[in-house]
Each structure stands twice: as C-alpha cells, then as structure tokens.
Amino acid sequence: MPAPLIDNYQRLHDNLRLSVTDRCNIRCFYCMPEKDVEFVPRAEILRFEEMERFARIAVDLGVKKIRVTGGEPLVRKDLHILVRKLVEMPGVEDVALTTNGVLLAPQAEALYDAGLRRLNIHLDTLDRARFEEITRRDELHRVLEGIDAAQRLGFGPIKINAVAVKGLVEQDIVPLAQFGRERGIEIRYIEFMPLDAQNLWDRSRVLLAENILTMLAEGIGPLDPVPDPDPRAPALEYRFRDGRGQVGFIASVSRPFCLNCNRIRLTADGKLRYCLFAIEETDVKGLLRGGAPDEEIAETIRATVRAKWLGHEINQGERFVPPPRPMYAIGG
Ligand code: SAM
Ligand code: SF4
C-alpha cells in the first residue's frame, strides 16, 4: 500500500476535485467574463480515459472522495459514462457532482443509473430577473426543473450552492432557506471569493456568513450549530431550532478552512493544483499523453502535495495574489 498523501503540515489528502470542462452554458459574473470567454481548445481537454487513469492513480494513493465539477460538467457529452467509472472504481467511497442544474433534468436519470447520488446544485436566487442579472442568462426555470427531476428520482443528499455577494442577494437569503426547508435541501451560502474573471472582487462585496446567519435568525427563526461537526468538512452547519432544515456556510473569506484542507484539484486541461488559489500548478497532461508510467504520475501527485502551502492569503492584504485562472478554468 503506497504512503498516503500527507503534506508538510500533516494534512491528509483524500479528496479530488475533477474538472471535466472549462465551458459553461451560463455566465455568472463572479466566475466568467460576460463576452469573449477564452476556452481551452478541445484537444487540450483531458479525455474521459485520461481522467479515469489519473483518478485511479490518485485513489491508489488514498483518495476516497471525488467531486466532478467544471465549468459546467453537464455540457460535457455523456458525462454519465465517466461518473459510472468513478462510482465503480475500487477504493472510491463517494462521488459527487457540482452543477448549475441547467442541463440536469434531461441527464438526471442517466446520472442516477450510473450510481451518482450526491448533487450540489448552484442557485443564488429564486427570482427570475436577479438570476438573469447574475448569470446573464434566462435559465432559472431549467434549474428548477433540474432540482425537481433530481428529487423525483431520489438523489440525495442534494445541496444548493448559493454565492453570497453583498448588495445583490440579501433579498434571496431567506427565500432560499425557506425553499430548502420545504424541499429537504441544505442551502450552502458561499462567501464571494476573489476568483472572478474580471477582477470585480472586493472585500466590501462579500456577504459574510455571520451576517447571513443573523438574517436567517431574524427572518425565519433561531439556529443552532450542528453538534459534533466533522473537523475536516469545509462548511459550518446550522440547524433551525424548530427541526425543519439545515443550512451551511462556506466562509472561505471570514473563516478560512485551510488548516483542515484535504483537497487536490485536476483542471480540465490536466493541471494539478494543491489549492483553489494556488499560483503554481503541475502539468499532468504531458505525463498522461507522453507515456509516463503510473509510478511517475503518482510521484508527481506526491510532490504536488508536499509543495502545498499552509493556506491562501485572502486576509493578508497586499500579500494576496489572485490565481492566474478564474473559477471556471480551475474547477470550483
Ligand atoms: N458550473 C457548476 C456550478 O456552477 O456549480 C460547477 C462549477 S462552479 C465554478 C462551482 C461552484 O463555484 C459554484 O457552485 C459556485 O457556487 C461557486 N463559485 C463560482 N464563482 C465563485 C466565486 N467567485 N466565489 C465563490 N464561489 C464561487
Ligand atoms: Fe458556469 Fe458554474 Fe461559473 Fe456559473 S459558477 S459561470 S455556472 S462554471
């Protein structure tokens, strides 16, 4: 059994985020530019077999959880084929998909049949005009159809990812939580991070977890922290005291979880990253396509984990340097 992926800060890495494309069918302003998006040429995007091989090597090094993401993973044709391979891969305990939900309704059954159960669906608002303002596309109805289809088929747990931008989504915080309570879906509010393509991020535009918590308590009712949280899980989770529903916060700005980070990331064009905010990345595609043996790829993964920094420096003022790629090109 090869040595587990432990970095210089004693963090065990057992979680892989696999980005399957940098393309997307909507244009969230905090992720993508509105126009003239530069996508990686198709020939440079990893094929499913290449992703599968990389995943198998990572699993042999102790990765147990894989999240498929993008760009929008469902724009990748026949994604269910890759999902099935990952679900059936010996050693994999958990496969999840992060999607904007626009193409979920027509693909939900194939994904379910492939063995997928865990879904994170990205939805910031239930208001059609604001959805269009944020995503520059009028697709709210299709996302809602996707959620309906997923629930009908029995996916679970389903979580909703809502990006919290100050001055924009305050009105959506409570309605989303109500929607989650009615549907049995956890809403995860994600603090706006400096990963947008147009450098719009500013600390003053982050709607902080603590403010959202106050809004929920005032708008719905008291909440309590979920007892015995998993110390390695990034979300801070709270339950409504009336027993109806749960919310989570990914407070990457106000409460970074770097000290417990267990993730590595493979971009769609085959670059390995030890952090969402990493400046450097390691080329894996060249190895995959250049005939490198598994052991060489395994050593590259180990070396990348060993080189991992202690954490991002969003809160270190001038020292923070945003990564050279925006969110859609890394894989959120
Ligand atoms: N297209 C899929 C989606 O939107 O869920 C998967 C990829 S997307 C990059 C992954 C997640 O990143 C989204 O669910 C969204 O919540 C989050 N996200 C994107 N840009 C962000 C930003 N600047 N700050 C915080 N979260 C962001
Ligand atoms: Fe597309 Fe997801 Fe980025 Fe929105 S957050 S533009 S849905 S990749």
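Quick note: the coordinates plus some simple rules give every number you see, no bench work behind them. As the structure is a computational prediction, the values presented were derived from the model and not from experiment. Glycine gets a Cβ as well: all are built from the backbone with ideal geometry, and neighbour counts include every protein chain shown.
The criterion of at least 3 residues that are surrounded by 22 or more Cβ atoms within 10 Å (Cβ to Cβ) and either within 19 Å of the chain's Cα centre (by Cα) or not hydrophobic (A, V, I, L, M, F, W, C) (or both) is met by the following helices (runs of 4 or more DSSP H) wholly inside the range 234-332: 327-330. Please specify each residue of the range 100-123 satisfying the condition of being in contact with a strand residue (DSSP E or B) (Cβ under 6 Å, 6 or more places away or on another chain) and within 16 Å of ligand 2 (Cβ to nearest atom). Answer for the range 100-123, where residues must be in contact with a strand residue (DSSP E or B) (Cβ under 6 Å, 6 or more places away or on another chain) and within 16 Å of ligand 2 (Cβ to nearest atom): Asn100, Gly101, Leu119, Asn120, Ile121, His122, Leu123. Across the range 161-169, a minimum of one residue is classified as within 20 Å of Gly221 (Cβ to Cβ), within 13 Å of ligand 2 (Cβ to nearest atom), touching a Leu at 6+ places or on another chain (Cβ under 6 Å) and not hydroxyl-bearing (Ser, Thr, Tyr). Restricting the first member to the range 279-299 and to residues that are within 18 Å of Ile45 (Cα to Cα), and the second to residues that are in a loop (DSSP other than H, G, I, E, B), the beta-carbon pairs closer than 6 Å and six or more apart or on different chains are Val284/Gly270; Lys285/Gly270.
When Ala58 is tested against (1) under 29 Å from Ile26 (Cβ atoms); (2) crowded, with 23+ Cβ neighbours inside 10 Å, only condition (1) is not met.
Comparison of Glu191, Glu186 shows that the only residue that is crowded, with 17+ Cβ neighbours inside 10 Å, under 23 Å from Pro326 (Cα atoms), touching a residue at least 12 places away in the same chain (Cβ under 8 Å) and not hydroxyl-bearing (Ser, Thr, Tyr) is Glu191. Looking across the range 6-33, the residues that are part of a loop (DSSP other than H, G, I, E, B) and either among the hydroxyl-bearing types (Ser, Thr, Tyr) or more than 21 Å from the chain's Cα centre (by Cα) (or both) come down to Asp7, Asn8, Tyr9, Gln10, Thr21, Tyr30.
Considered as a group, the residues in the range 304-332 that are within 18 Å of Lys271 (Cβ to Cβ) and of a type in the set (Lys, Arg) include one that is farthest from ligand 2 (Cβ to nearest atom), and that residue is Arg306. Identify all residues within the range 197-215 that are in a loop (DSSP other than H, G, I, E, B) and surrounded by 20 or more Cβ atoms within 10 Å (Cβ to Cβ); write none if there are none. Passing the criteria: Ala197, Leu207. Is it the case that Leu5 is within 16 Å of ligand 1 (Cβ to nearest atom), buried (at least 19 other Cβ atoms within 10 Å of the Cβ) and not β-branched (Val, Ile, Thr)? So Leu5 fails the test.
The single residue among Val63, Val95 that is over 30 Å from Arg128 (Cβ atoms), surrounded by 19 or more Cβ atoms within 10 Å (Cβ to Cβ), in contact (Cβ under 8 Å) with a residue 24 or more places away in the chain and touching an Asp or Glu at 6+ places or on another chain (Cβ under 8 Å) turns out to be Val63. Here Leu97 clears all of (1) more than 13 Å from ligand 2 (Cβ to nearest atom); (2) of a type in the set (A, V, I, L, M, F, W, C); (3) within 19 Å of Ala55 (Cα to Cα) except the condition numbered (1). Is there a residue being in contact with a strand residue (DSSP E or B) (Cβ under 6 Å, 6 or more places away or on another chain), surrounded by fewer than 20 Cβ atoms within 10 Å (Cβ to Cβ) and more than 27 Å from Leu200 (Cβ to Cβ) anywhere in the range 68-82? Within the range 68-82, not a single residue is in contact with a strand residue (DSSP E or B) (Cβ under 6 Å, 6 or more places away or on another chain), surrounded by fewer than 20 Cβ atoms within 10 Å (Cβ to Cβ) and more than 27 Å from Leu200 (Cβ to Cβ).
Filtered by the rule that a residue be surrounded by fewer than 19 Cβ atoms within 10 Å (Cβ to Cβ) and in contact with a helix residue (DSSP H, G or I) (Cβ under 8 Å, 6 or more places away or on another chain), the range 115-136 gives Gly115, Leu126, Asp127, Arg128, Arg130, Glu132. Among the residues of the range 126-140, the ones that are within 13 Å of ligand 2 (Cβ to nearest atom) and outside any helix (DSSP H, G or I) come to 3 in all.
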